[in-house]
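Q: Mind looking over this structure? Questions follow.
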Amino acid sequence: MKKNIINDKLVFYSGLIYFLIICIFTGIKICSYFGLLEFTGADLIFKIIVQIGLMFILPVCLYKVFMKKSFKQTFAHFGFKKISSKTIWLSILAGICMYFLVCYFSAVWSSFLELVGYKFGSSSSNYSVLNFVLSVVFVGLLPAICEETTHRGLVLNGMKHNGAVRSIILTGLLFGLLHLNIVQFGYAFLVGMLLCVVTMVSKSIIPAMIMHFCNNFLSVFISYSLNSTWMRNGLVDFFMGMLASSSFALTIIMRILIIILCLYGLSWCITNMFKEGRKQDYFAFKKNLKKEIEKNGLEKEIDINNDAVVFGLYREVNMLNLEKQLQEQNLSFNDMMAGNTKGTTELVLSDKMVAPKKPHKPDYIFFYISIVLGSLGTIATFVLGLL
């Protein structure tokens, strides 16, 4: 029997849409490099086109057309789901921790590039109040919404049913390469994978957007605090001074302590996001159960207002589902509790602990081409920096 070239339309069309995005983005970057897009206000205009048009409107509309879904179904697939107030605060704290970790890793990555001969370009900035507001919008807010829509919404949710680990790595890699900048690639790759984990455990794209915004906003805020006259922040100066103390030993100790604190804070936030995500699952189960009970006239048999009864049913359904998945993956319950197998990771991160499907490689063709294209662009920036 003849095999279909496309087995998984979701993966295939998600890859095709992403390929179109990276092609257009690369074309804009090339035109900009050769000075073909230089005119008054060009920077802001093309940021709007790239972020809102290319990273938000295009993926949402093309997904809707290719997959024949409504806008409501499209946004639901992309992960635009309501989160609790607790998850919002956890996301803000996680974003702050992520920022400091990114700063340290970025410094190490930049030092490595400098060591191999890469020359960093100089840039001049206008640190006015207006530019600060524009930076918050165009560097902080729009990328947080639009880049997350493309990567955690379109890409991650387009392939995660074929395996959490594979999806996290591929999405993080694509996120790093899309910047088409060797300096940003190192930390963007790691941040991309981290935001994938956050999206999976929280069952929503919103926490990743909040973390992304916090990271970018802090970068803008600290830059202006150190360089502008109108926002001279003594607290930031003091903190930066602590990180670059005249005592080498004190500097190292401070940095190690901050890294440990941020890693602990990040892991604590993600763990609690996981718990909040499971609460959201429970409330969704309770809502659906109520509909089914009312539909079938079972109000007398099952008391939907009794939380103990509802939670008992919820736990029973999940245990049955878990037993089924453990059997399919040849895992024991002890393996699951030990948490030291790839199969365990897949079950914990997947939606409703569903075992991943075996990926059909031809479905990923446009994702692979996008990786090649992004790699060539990123390598080109590295070569140009060596010249």
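The values are calculated or read from the model by the stated rules, or taken from the named source; none is laboratory data. Remember, it's a predicted structure, so these values are computed and weren't measured experimentally. Backbone-built Cβ (ideal geometry, glycine too); neighbour counts: all protein chains shown. Just so you know, the surface numbers come from the protein's heavy atoms only, side chains and all, with ligands and any DNA or RNA stripped out. Shrake-Rupley method; radii C 1.70, N 1.55, O 1.52, S 1.80 Å.
Q: Could you list, in sequence order, the residues of the stretch 31-53 that are hydrophobic (A, V, I, L, M, F, W, C), open to solvent by less than 70 Å² (accessible area, probe 1.4 Å) and assigned to a loop (DSSP other than H, G, I, E, B)?
A: Across the stretch 31-53, the qualifying residue is only Leu37.
Q: What number of residues within the stretch 61-99 are farther than 16 Å from Gly277 by Cα and over 17 Å from the mean Cα position of the chain (by Cα)?
A: Counting residues in the stretch 61-99 that are farther than 16 Å from Gly277 by Cα and over 17 Å from the mean Cα position of the chain (by Cα) gives 14.
Q: Still on this structure, I have one more. Report, ordered by the first and then the second residue, all pairs with beta carbons closer than 8 Å, sequence separation of six or more or different chains, a first member in the stretch 42-53 that is closer than 13 Å to Cys31 by Cα, and a second member that is surrounded by 14 or more Cβ atoms within 10 Å (Cβ to Cβ).
A: Final answer for the pair search is Phe46/Ile28; Phe46/Ser32; Phe46/Leu37.
Q: Within the stretch 54-66, how many residues turn out to be more than 20 Å from Cys31 (Cβ to Cβ) and open to solvent by less than 30 Å² (accessible area, probe 1.4 Å)?
A: Going through the stretch 54-66 one residue at a time, the tally reaches 3.
Q: For the stretch 68-91, name all the residues that are outside any loop (DSSP other than H, G, I, E, B), among the hydrophobic types (A, V, I, L, M, F, W, C) and crowded, with 16+ Cβ neighbours inside 10 Å.
A: Phe75, Leu90
Q: Can you name every one of the helices (runs of 4 or more DSSP H) wholly within the stretch 108-218 that holds 3 or more residues which are open to solvent by 40 Å² or more (accessible area, probe 1.4 Å) and over 30 Å from Val383 (Cα atoms)?
A: By residue number, 129-135.
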